[in-house]
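The values are calculated or read from the model by the stated rules, or taken from the named source; none is laboratory data. This structure is a prediction, so every number in the text was calculated from the model and none was measured. FYI the Cβ positions are ideal-geometry reconstructions off the backbone, even for glycines, and counts take in every protein chain you see. Accessible surface areas use protein heavy atoms only, side chains included; no ligands, DNA or RNA. Shrake-Rupley method; radii C 1.70, N 1.55, O 1.52, S 1.80 Å.
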Amino acid sequence: MDKDPSINALGGVLEPCSTHPMTGFFRNGQCDTCAQDQGSHTVCAVMTAEFLAYSKYVGNDLSTPIPQFNFPGLRPGDRWCLCAARFLQAHDEGCAPQVRLEATHIRALEVVPLEVLQLYDDTGAGSASDR
């Protein structure tokens, strides 16, 4: 699989999202993507208890460990490369987690408008004063 260029949603170099727990479609700690990434695991999300409960409710339990897949289960504060469509769904339902724009892949913008991601930016890098 050939990775797409590692460019973030702001047009800069894609920064790491998390190595503990290890995340990303390629499990390289970054929200890198490629044509085979059908879920577009491109949004670097900062987990919250509310979002984890929502995700479990809609059928994607991210909080329960799965040792056979070396998945520790996520807790509030953990960062994770989230599917762009799931992020947009959570936004529409009013329970989207914060995001790190510098670690969110530019391909996320194919699903989630930048203006929506900026509403949840946890660093201020994409705040209105930067537009």
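Starting from 0.36 nm per residue, how many nanometres of slack lie between Leu119 and Ala49 once their C-alpha separation is accounted for? Roughly 23.3 nm would be gained on extension. A cut-off of 5 Å between modelled amide H atoms, ignoring neighbours fewer than 5 places along the same chain, links Phe71 with Ile66.
Think of a 1.4 Å ball rolled over the protein heavy atoms: segment 31-131 then has 49 Å² of accessible area per residue.
Among Arg27, Arg107, Arg86, the largest mean-square fluctuation in a Gaussian network model of the chain (Cα springs under 10 Å) belongs to Arg27.
For the chain, the list of Cys residues with no other Cys C-beta under 4.7 Å reads Cys34, Cys83, Cys95.
3J(HN,Hα) couplings calculated from phi for segment 19-29 with the Karplus curve 6.51 cos²θ - 1.76 cosθ + 1.60 (θ = phi - 60°) are, in sequence order, 10, 9, x, 5, 10, x, 4, 8, 6, 10, x Hz; Gly and Pro show x.
For the chain, with a Gaussian network of springs between Cα atoms less than 10 Å apart, report the residue from Pro113, Pro16, Pro67 with the top mean-square fluctuation. Among Pro113, Pro16, Pro67, the largest mean-square fluctuation in the Gaussian network model of the chain belongs to Pro67. Compared with the direct C-alpha span, the chain from Ile7 to Asp92 gains 28.0 nm at full extension, assuming 0.36 nm per residue. Considering only Val99, Val111, Val58, the Gaussian network model of the chain with Cα springs below 10 Å gives its largest mean-square fluctuation to Val58. For the set Met1, Met47, Met22, solvent exposure ranked by accessible area (probe 1.4 Å, protein chains only) runs largest to smallest as Met1, Met22, Met47.
Couplings 3J(HN,Hα) for segment 30-38, derived from phi with the Karplus relation 6.51 cos²θ - 1.76 cosθ + 1.60 (θ = phi - 60°), are 10, 8, 5, 9, 7, 4, 7, 7, 4 Hz, where x marks Gly and Pro.
Taken along the Cα-to-beta-carbon direction at a fixed 7 Å, the label points for Tyr57 and Asn28 span 3.6 nm.
The antiparallel fraction among DSSP beta bridges confined to the chain stands at about 90%. 3J(HN,Hα) along segment 82-97, derived from phi through the Karplus expression 6.51 cos²θ - 1.76 cosθ + 1.60 where θ = phi - 60°, amounts to 8, 4, 4, 5, 5, 4, 4, 4, 5, 4, 4, 8, x, 9, 5, x Hz, with x in place of Gly and Pro. Expressed as a whole percent, the accessible surface of the chain that belongs to carbon and sulfur atoms is 52, based on a 1.4 Å probe. The residue among Cys81, Ser6, Pro65 whose Cα reaches farthest toward the positive pole of the charge dipole of the chain, with charges on the beta-carbon of Lys, Arg, Asp and Glu, is Pro65.
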